[in-house]
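J.: Structure provided below as structure tokens; questions to follow.
The values are calculated or read from the model by the stated rules, or taken from the named source; none is laboratory data. All values derive from a computational prediction rather than experimental measurement. Using ideal geometry, Cβ is built from the backbone for each residue, glycine included, and neighbour counts are taken over all protein chains shown.
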Amino acid sequence: MLNLSIIIPVFNESNYLERVLQDLEKYFNSSDTEIIFVNDGSTDGSKELIENYLSKGTSTSNIKLINFEKNKGKGKAVRDGIKESSGKYILLQDADLELDLKDSNELYEIIKSNDEIKCIFGSRYLSGKLKKNNYFFNQLVAKLNSIIFNLLFSQSLSDIHCGLKVLHRDVIDKLNLKLNDFGLEIELASQIVRNNFFIYEYGVSYYFRTKQEGKKITWFDGVKSYYYLFKVRFIDNHIAINLSIIYSSLYMAYAGSYFGLGLGKTLFIITYFVIGLFVGLKNKLLTSSIIFLFIYLGSFIGKGWGKGLAVILFFILGIYFASKIKIFINKKTNNFFVNHLF
């Protein structure tokens, strides 16, 4: 097995590939390294430029070229690159030079020298390294998405969208990536967390490109990122969890109906519905039923706002008793079916 596989998706990057190849020779020109370029349907001569470089045979590294006749997206390019890789470590690197290959080498040196680190992400917001970025909105969206991801997965990451990542083969073997576009970054981070790997971060330089300079990601990709955040947290789960999410969101919406009038009531129902999504993530069907039972009992107490406050109190009591019962059941049995009910 080689020590390192570098996967580089390429889509119309002919203006930058010569520099990328020079930097690869400078930082990764080693016989224990393979470099996998995935030409994602480029029409600007990127494929021919890489083929011309390969024909010279000047690199010590093992270099491969995977070619897509049509553009299929970064996610698909990375997946196919991973399938062809054989390294102990996988380094994901963009071909647009927004991220410096010198930093890529630093991440690789860190992870290979510490057996406890299985996954390390570059972060554009952690260090005092050189940066070029005057697009406030893009940075705002990237940071907001990281905050939302952290809330959904109880993490503390600063930059889930950074394209520079180094993963141990143990991590790669646990992944089941499916998205074809830039949603890859969100899907990748979510699956790493779900498989209980800790994500380390390391500050990197960043040189933002404009659309005229070849920037590929658009505002529409930004909108889709919110769908992907919802998908990886509330849809890509075991069926038992998804059933619990649906069940919990519905009875919490019912609890919200005890508050307000008109538009106010509608806002309470929506708010409680969202709370129910998170309740469903933490509780299976039977423990959710216990919480629902307490809410239902609370609905018989008081009138108006008093009834609403009683519902909240009984909801908190339901959460408490459900957690205690779940802990008790899980200690008593490891039965797969029972654990998916509690």
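J.: Looking at residue 191 and the list (1) modelled with pLDDT under 95; (2) assigned by TED's automatic domain parsing to the domain that holds residue 121; (3) closer than 28 Å to residue 285 by Cβ, which single condition is not satisfied?
T.: Every listed condition holds for residue 191 apart from (1).
J.: Another question about this same structure. How many residues, within the stretch 68-112, are of a type outside the set (A, V, I, L, M), in a strand (DSSP E or B) and within 17 Å of residue 199 (Cβ to Cβ)?
T.: 1
J.: From the residues in the stretch 273-283 that are buried (at least 23 other Cβ atoms within 10 Å of the Cβ) and more than 22 Å from the chain's Cα centre (by Cα), which one is farthest from residue 247 (Cα to Cα)?
T.: Among those that are buried (at least 23 other Cβ atoms within 10 Å of the Cβ) and more than 22 Å from the chain's Cα centre (by Cα), it is 283.
J.: Next up: For residue 212, all conditions in the list (1) in a loop (DSSP other than H, G, I, E, B); (2) among the polar types (S, T, N, Q); (3) within 11 Å of the chain's Cα centre (by Cα) hold save one; what is the number of the exception?
T.: Unmet condition: (3).
J.: Of the conditions (1) at pLDDT 95 or above; (2) more than 23 Å from residue 103 (Cα to Cα); (3) buried (at least 19 other Cβ atoms within 10 Å of the Cβ), residue 4 fails just one. Which one is it?
T.: Answer for residue 4: the failing condition is (2).
J.: Out of (1) exposed (fewer than 15 other Cβ atoms within 10 Å of the Cβ); (2) at pLDDT 85 or above; (3) out of contact with any Ser or Thr (no Cβ under 7 Å at 6 or more places or on another chain), the odd one out for residue 265 is which?
T.: With respect to (1) exposed (fewer than 15 other Cβ atoms within 10 Å of the Cβ); (2) at pLDDT 85 or above; (3) out of contact with any Ser or Thr (no Cβ under 7 Å at 6 or more places or on another chain), residue 265 is out only on (3).
J.: When the residues of the stretch 213-229 are filtered to those that are at pLDDT 85 or above and surrounded by 15 or more Cβ atoms within 10 Å (Cβ to Cβ), which remaining residue is nearest to residue 310 (Cα to Cα)?
T.: Out of the qualifying residues, it is 229.
J.: So, one more: Among the residues of the stretch 73-82 satisfying the criterion of being farther than 16 Å from residue 166 by Cα and touching a strand residue (DSSP E or B) at 6+ places or on another chain (Cβ under 6 Å), which is surrounded by the most Cβ atoms within 10 Å (Cβ to Cβ)?
T.: Among those residues, the one meeting the criterion is 77.
J.: Still on this structure, I have one more. Those residues that are farther than 14 Å from residue 63 by Cβ and either in a loop (DSSP other than H, G, I, E, B) or acidic (Asp, Glu) (or both), I need them from the stretch 24-45; list them, please.
T.: The answer is 40, 41, 42, 43, 44, 45.
J.: If you scan the stretch 159-174, which residues turn out to be surrounded by fewer than 18 Cβ atoms within 10 Å (Cβ to Cβ) and either within 24 Å of residue 127 (Cα to Cα) or in contact (Cβ under 8 Å) with a residue 60 or more places away in the chain (or both)?
T.: 169
J.: Same structure, new question: Out of 235, 270, 239, report the one residue that is without any contact (Cβ under 8 Å) to a residue 12 or more places away in the chain, touching a helix residue (DSSP H, G or I) at 6+ places or on another chain (Cβ under 8 Å) and surrounded by fewer than 14 Cβ atoms within 10 Å (Cβ to Cβ).
T.: 235
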